[in-house]
Amino acid sequence: MEILRAEKMGFCFGVKEAIKTAEQVSEEYCNSKIYILGMLVHNKEVMKEMSERGILILEEENLEKLNSEDVVIVRAHGTTEEIYKKLKDKNVKIFDSACVFVKKSRNLLKNKEESGKKIIFVGDKEHPEVIGIISHGKNVITVADFEEFKKIEIDKNISYYVLAQTTLNKNSFNDIKEYIEKNYSNIEVGDTICGATYERQKAVEKLAGIVDIMLIVGGYNSSNSKKLLNISKQLNEKSYLIETKEDLKMEWMKGCSKVGITAGASTPEKSIQEIEKLLKEESRDGKHGKF
Ligand code: SF4
């Protein structure tokens, strides 16, 4: 059996920075209560390591339990304007691990709105990143995809600015961009899909079609991992999202000799290596028949 890795996969810049911050804070403030607002990144393994360091998870609805000696780390996908304000009012020490791409999107939204443009945001309305970013605007139109975008009643007398969730599928966003260029001169489009997301999407496109099975290692709640799965599925119906080696089902491997692996931006290398090790052992021992 051959295991082929995608050219770009696993931890992105923003996640590495957030984890580094959490590690430093846990050493520097070892006598304080340290909280992470929500999940630092959407990955169970990473969050387990954080909890072993004594870092606690703080849900947004439980801010009342904070006191001024506490330390709060804001996750890579940021939070809402209201929560930032509440944290400041609580006078806690704040470490904002919101990724630079999320901050860029947030600032663009504010600047463009201030300049008089109406904002259209393309992304998952339920995702914390989207909820956080759009909270910094006054009256943002949010759409999930191209289909929803086409249903917006565009007023030709108003100027619009389009922003996208950092993890949106670049190809889907390009469809929206082309449609706008063909039909509207009053809509400007900003490029806020992050480079790490795009590189990982391109790499899975390259790999999924030439292997017998694709494994996407990532959190079930991770937006960018789910996007990798969708892209992979379009090219290879044997595409599976798994979080840890325990989720791997050996019956998927029947008849497969080439296994492709990729991983979401919040997946630690350790999880990927454990899966590769298990695959090699199972293939060698022939426990489940030859793959
Ligand atoms: Fe930042 Fe992109 Fe990583 Fe999200 S996926 S944390 S936007 S680098």
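Values in this text are rule-based calculations from the coordinates and carry no lab data. None of the values given here were measured: they were computed from a predicted structure. Neighbour counts are summed over all protein chains in view; Cβ atoms, including those assigned to glycine, are modelled from backbone coordinates with ideal geometry.
Some notes on this structure:
- Residues within the reach of a label modelled at CYS30 (point 7 angstrom out along Cα to beta-carbon, backbone nitrogen below 13 Å), restricted to region 36-54, are 53-54.
- Loop sites in region 238-268: trypsin sites (Lys or Arg not before Pro), DSSP, at most 10 other Cβ within 10 Å: LYS249
- Global form of region 155-275, assessed from the alpha-carbon gyration tensor, a/c cut-off 1.5: prolate
- Residues whose placed amide H lies under 5 Å from that of ILE36, excluding near-sequence neighbours: LEU56, ILE57, LEU58, ILE73
- Shape of the chain, Cα gyration tensor, a/c cut at 1.5: oblate
- Unsatisfied cross-links (Cα-Cα over 24 Å) in the set LYS93/LYS226; LYS48/LYS110; LYS8/LYS270; LYS156/LYS177: LYS93/LYS226; LYS48/LYS110
- Residues whose amide H lies under 5 Å from that of ILE119, counting only those 5 or more places away or on a different chain, are ILE141, TYR161; hydrogens are built 1.01 Å from N in the peptide plane.
- The modelled label-to-label distance between ASN230 and LYS254, using points 7 Å beyond Cα along the C-beta direction, is 3.1 nm.
- Sites excluded, GluC sites (Glu not before Pro) in DSSP loops with at most 11 other C-beta within 10 Å, longest stretch of the chain: 154-236
- For region 1-116, the Kirkwood radius over C-alpha pairs fed into Stokes-Einstein at 4 °C and 1.567 mPa s yields D = 84 µm² per second.
- Inter-centroid distance (Cα atoms) of region 217-261 relative to region 156-176, Å: 28
- Antiparallel content of DSSP bridges confined to the chain, in %, to 5: 0
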